[in-house]
Amino acid sequence: MEFDAHFWALIALILFIGLAVYMGAHRTVASSLDKRADTIRDELENARRLRVEAEALLAEYQRKARDAETEAAKIVDIAKREAAGLAAEAKQKLEEYVAGRTKLAEDKIAQAESQAIQEVRSLSADVAISAAERLLSSKVKGSAGDVLVAKSISDVKTRLN
């Protein structure tokens, strides 16, 4: 019986596997695979933990962003209200200033009008006195006329002023 190369290859394989089992290679391979599985398990657990931490950080930053947006909206609202208040106050002060200036101008006009009326009265009195003096001087002659003219002039002065 002749054995071919396949037969001898099978025998060599069986002897190799037997020797590997006898030497404990399967334990070394199993131990190595267990260590690798433990390492992978630890890495997966670490990755899960990091993922949970990352999700918590993301949620915290999103909350902070929403809080910041809310705070910014409040600040803008307060600024708008303050600006409206300042505008109203400025408008009121401007109106008060214009009213004050108008009153001052009206007072000055009234004073000038009063002064003009007084000057016209004074001038009218002077003209009336002068006319009365000329009229009385021409009609009444002598010392009795002088006394009468003086008395009439003083009467006119008191009545016109």
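Bear in mind that the values in this text are calculations on the coordinates, not laboratory data. Here the structure is a predicted model, which is why all the values come from computation and not from measurement. FYI the Cβ positions are ideal-geometry reconstructions off the backbone, even for glycines, and counts take in every protein chain you see.
Laid out as a table, the results:
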quantity: Segment 34-50 - phi-based ³J(HN,Hα) in whole Hz, Karplus 6.51/-1.76/1.60, Gly and Pro as x; calculated: 5, 4, 5, 5, 4, 4, 5, 4, 4, 5, 5, 5, 5, 5, 4, 4, 5
quantity: Cα-based Kirkwood hydrodynamic radius, segment 22-160, one decimal, Å; calculated: 26.8 Å
quantity: 3J(HN,Hα) from dihedral phi, segment 81-88, Karplus parametrisation 6.51/-1.76/1.60, rounded to Hz, x for glycine, proline; calculated: 5, 5, 5, 5, x, 5, 5, 5
quantity: Whole-Hz ³J(HN,Hα) from phi, Karplus 6.51 cos²θ - 1.76 cosθ + 1.60, for segment 110-115, glycine and proline x; calculated: 4, 5, 5, 5, 4, 5
quantity: Counted charge near Glu119, where neighbours are those whose Cβ lies closer than 13 Å (Asp, Glu -1; Lys, Arg +1); calculated: -1
quantity: Value at 222 nm in deg cm²/dmol, rounded to 500, when DSSP H runs of n ≥ 4 in the chain each add -39,500 (n - 2.57); calculated: -35500 deg cm²/dmol
quantity: Average Cα contact separation per residue, the chain, under 8 Å, 6 or more apart, as relative contact order %; calculated: 15 percent
quantity: The chain: Lys pairs at Cα distance under 30 angstrom, eight or more positions apart or on different chains; calculated: 15
quantity: Positive-pole candidate from Ala56, Ala25, Gly85, dipole of segment 22-160, charges at beta carbon; calculated: Gly85
